[in-house]
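The values are calculated or read from the model by the stated rules, or taken from the named source; none is laboratory data. The structure presented is a predicted model; accordingly, all values stated were derived computationally and were not measured. Backbone-built Cβ (ideal geometry, glycine too); neighbour counts: all protein chains shown.
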Amino acid sequence: MIAAIPRGRVSSYGEVADRVGLPRRARLVARVLRETPDEAALPWFRVLRADGRIAFPPGSRGFREQVRRLAAEGVLVQGGRVDLARHGWERDLDGFLWGPAAFEPPGASKARKRAAARR
DNA sequence: AGAGTGACTGCAG
DNA sequence: ACTGCAGCCACTC
């Protein structure tokens with residue numbers, strides 16, 4: 001299930017559990033990830049907490065590594081968290097509303113809405 | 001059996 | 001938006 005998370009998208013422990021038919025088993029997903037060797041080459045870094053925050057302690061080695069890997073595929077982490085409305089699996093709001101416009105600078109969305117309101 | 005632990009969640013303040 | 005806290009499940013001691 002984790003291997004199926006598309007590049008540039010993220011999911012959560014709970015969502016992964018749900019998708020494999022194991023509701024309320026978020027902690028089990030976390031355990032599996034912890035026990036999985038790096039050689040498995042799973043995109044573990046695409047799994048976040050339900051609110052979009054990185055599960056590792058801020059500043060820890062795992063935390064920094066996760067930020068680095070996410071950034072490498074265009075997923076910005078700010079204040080330790082990812083915008084799920086933008087990068088969440090199956091809830092790619094920008095993609096749905098505006099097409100695969102990819103990445104815009106902060107505030108671009110607001111500015112666009114203001115412009116639309118003026119018309 | 002009972003208490004403690006954690007790459008988690010949802011909700012109340 | 002942030003912090004606690006109870007609830008949760010699968011172990012471990």
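Residues A:Arg64, A:Arg25: which one is farther than 19 Å from A:Arg86 by Cβ, of a type in the set (Lys, Arg) and surrounded by 16 or more Cβ atoms within 10 Å (Cβ to Cβ)? Give the derivation first.
Numbers: A:Arg64 fails: surrounded by 16 or more Cβ atoms within 10 Å (Cβ to Cβ).
One residue alone meets the criteria, A:Arg25.
Residues in region A:41-52: is at least one at pLDDT below 95 and surrounded by fewer than 16 Cβ atoms within 10 Å (Cβ to Cβ)? Looking for residues that are at pLDDT below 95 and surrounded by fewer than 16 Cβ atoms within 10 Å (Cβ to Cβ), one finds at least one in region A:41-52, hence yes. Contact map, region A:38-55: first residue in contact (Cβ under 8 Å) with a residue 24 or more places away in the chain and of a type in the set (Gly, Ala, Ser), second residue near DNA strand B (Cβ under 9 Å from one of its atoms) and in a loop (DSSP other than H, G, I, E, B), Cβ cut-off under 7 Å, separation 6 or more or different chains; pairs are A:Ala55/A:Arg49. Being surrounded by fewer than 20 Cβ atoms within 10 Å (Cβ to Cβ), within 11 Å of DNA strand C (Cβ to nearest atom) and within 17 Å of A:Asp51 (Cβ to Cβ) is the filter here; which residues of region A:13-22 pass it? A:Gly14 - this is the single residue of region A:13-22 that is surrounded by fewer than 20 Cβ atoms within 10 Å (Cβ to Cβ), within 11 Å of DNA strand C (Cβ to nearest atom) and within 17 Å of A:Asp51 (Cβ to Cβ).
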